[in-house]
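The values are calculated or read from the model by the stated rules, or taken from the named source; none is laboratory data. Here the structure is a predicted model, which is why all the values come from computation and not from measurement. Note that each Cβ is placed from the backbone with ideal geometry, even for glycine, and that neighbours are counted across all protein chains shown.
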Amino acid sequence: MPESALRAGVVDYVIPLDRMGGVLLDLIARSGPVLQKSVIPDDLIMEASIAERVVGTTQEINQVGRQVPLSCPDCGGALWEMQQGAVLRYRCHTGHAFTADSLLDSSHHALEETLWVALRMMEERKNLYTSMASRGEGSWSVQQEERIEEIKVHINRLREFLINGKDPNGTTTAHVH
């Protein structure tokens, strides 16, 4: 989070840890009365309602942000983009919230998880073809063997990509993230 705040340019101080206590005490001493009444912006009140799942209609969420062609990595729902100063934030109608960085991290995790599920399902399919081929005869059994060999190629490619970021020929591919 501190690096994200630095990138967004929303920091007042960058100080070493051993000076932080003194700076905080100085800020408290200069701030005046502690119990000041703050005005909370309407868009922040609306967003808090979304987070608490009190509000959730499209029309209400459109009041605080604009719908973008992205989906929530947690629930698959539509996302709304909200800008607060230099910080971009995203929220779905169920209340999941992300900064741009956390959205990238979450979507990377969801994509990687999906690819591992795909690999497992392909392995299961290969096992089923193997079982079917062992019970069959003639051309039907040969057809299952061909399917087994074909799916092995896909399994090897996907496994190599997930583990090493390379295809089976050793060519570096674009990583998932």
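What do you reckon, is S141 surrounded by fewer than 15 Cβ atoms within 10 Å (Cβ to Cβ) and either in contact with a helix residue (DSSP H, G or I) (Cβ under 9 Å, 6 or more places away or on another chain) or modelled with pLDDT under 90 (or both)?
yes
Would you pick out the residues in the range 1-40 that are modelled with pLDDT under 85, loosely packed, with under 10 Cβ neighbours inside 10 Å and within 31 Å of the chain's Cα centre (by Cα)?
M1, P2, E3, G9, D12, Y13, I40
Can you work out which of the residues in the range 93-137 that are out of contact with any strand residue (DSSP E or B) (no Cβ under 9 Å at 6 or more places or on another chain), at pLDDT below 90 and aliphatic (A, V, I, L, M) is farthest from E60 (Cα to Cα)?
Among them, the one singled out is A133.
Looking only at the range 80-96, count how many residues are surrounded by 18 or more Cβ atoms within 10 Å (Cβ to Cβ) and part of a loop (DSSP other than H, G, I, E, B).
3
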